[in-house]
Amino acid sequence: MFGNKKSDEEKAAAKRMRQITTASAAAGLTVIGGQFRAPNQNPVPVDGARITIERGEEAGKRVTATRVLLTGLFALALKKDMNQMFITIENGDQVMLCPIPAKKEPQARILATMVNGEATGISKTE
């Protein structure tokens with residue numbers, strides 16, 4: 001009677017967004033208005049996003065397309081800190097690369113699992 005009633009789907013979506021926002025904060029990322037945000041990077045919408053996690057030592061072995069997109073020709077000169085992990089958030093043609101301390105790996109995995117809808121492992125290239 002008073003106010004508008006939310007459907008069960010809207011309630012579930014709002015709850016999921018609150019959980020992702022909390023998990024993002026624990027991993028050192030920011031979610032505002034349904035978008036991942038980082039300084040000097042374009043925001044990436046949470047809905048439809050895909051998160052991958054890499055260790056610095058593995059990421060340092062190759063130059064990724066993401067690094068080239070974000071930094072241009074300087075990608076070849078950039079060194080990655082081996083004590084850090086890197087979260088790559090992709091949604092369509094929007095990409096965000098965020099360094100996080102290696103000690104936040106468990107929180108980053110929880111966030112990736114929540115966003116991707118499945119467990120995310122670190123791939124090793126050998």
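The values are calculated or read from the model by the stated rules, or taken from the named source; none is laboratory data. All of these numbers come straight from a predicted model, not from anything done at the bench. The accessibility values were calculated without ligands, DNA or RNA, using every heavy atom of the protein model including side chains. Shrake-Rupley method; radii C 1.70, N 1.55, O 1.52, S 1.80 Å.
Rolling a 1.4 Å probe across all protein chains gives THR22 an accessible area of roughly 100 Å². Rolling a 1.4 Å probe over the protein chains gives SER7 an accessible area of about 50 Å². Computed with a 1.4 Å probe on the full set of protein chains, the accessible area for ASP93 sits at about 140 Å².
Suppose accessible area is computed on protein heavy atoms with a 1.4 Å probe; arrange LYS104, LYS11, LYS5 from highest to lowest.
Numbers: LYS104 60, LYS11 110, LYS5 165 Å².
The most accessible residue leads, giving LYS5, LYS11, LYS104.
Gain on full extension, evaluated as 0.36 nm per residue between LYS11 and ALA26 minus their Cα-Cα distance, stands at 3.1 nm.
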